[in-house]
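This report concerns only the one structure given below.
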Amino acid sequence: MLIGMNVVEVADEDFCPKWKIRHADLAAWCAGKGHPYPLPPLPNEASPLTTDAGLRETLASREEELEQSKSKAGKLQAEIARLHGELNSKNGEIEKLNADAPPSERSEKTYLNIIGGLVALMLGKSGVGKKPSVFRTQEVIIGKLLDDYESIKGISKSNLDTIMAKANDTLKCSLPKRQSAGNHDERVRP
């Protein structure tokens, strides 16, 4: 019995010269007689996958595929480990470059605003007219910094004068017009 797309062809010359039966007709006949459809294969039509040799061949093929997949997975894991090492190395280089690089313009402006704000707080007056700090002028603040931290790199009179002047200017430019115009403190510029 040969099965095509839509037709079953019976090729038994003793039974019938040549019959062609449509699948739909065969399915209806099977349903009417209580037989399963599609019909199970005949015992002598064993699938090559269900024979012992077919199963062994399929198993050997699958085991070979599994070994190839394991080998490929091992190579990919090694590649991933290598790439992680490269990434960590590059991240270390980036951190070193960032540590050595000067701050960005925005960061520098932020630092200068903070310094200018702290100096203004130390030299300004509170709402009741009292000074919140013992420092009377910017020169006194610089003198105290030099007394306590002169051995630290970057703390010198000229550097502190320059930084505080920049900080005062940056803060003044950053303040809204009405606040900077009304902010009369006792800062003394060097």
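Read-outs: derived from the displayed coordinates by stated rules, not from any lab. Values in this document were obtained by computation on a predicted structure and should not be read as measured data. Neighbour counts run over all protein chains shown; Cβ positions are idealised from the backbone, glycine included.
Quick notes
- Projecting the Cα positions of ILE114, GLN138, LEU175 onto the charge dipole of region 105-182 (unit charges on Cβ atoms of Lys, Arg, Asp and Glu, taken about the Cα centre) puts LEU175 furthest along the positive direction.
- Taking 18 Å as the straight-line reach from the Cα of LYS153, the lysines in range (excluding those fewer than 8 positions away in the same chain) are LYS144.
- Rg/Rg_ref, region 65-108, where Rg_ref = 2.2 N^0.38 Å and atoms are Cα: 2.04
- Under 24 Å from the Cα of LYS70 - lysines, other chains or at least 8 residues apart: none
- Mean projected area of the convex hull spanned by the Cα atoms of region 105-182, taken over all viewing directions: 5.9 nm².
- The order of HIS23, HIS84, going from fewest to most other C-beta atoms within 10 Å of their C-beta, is HIS84, HIS23.
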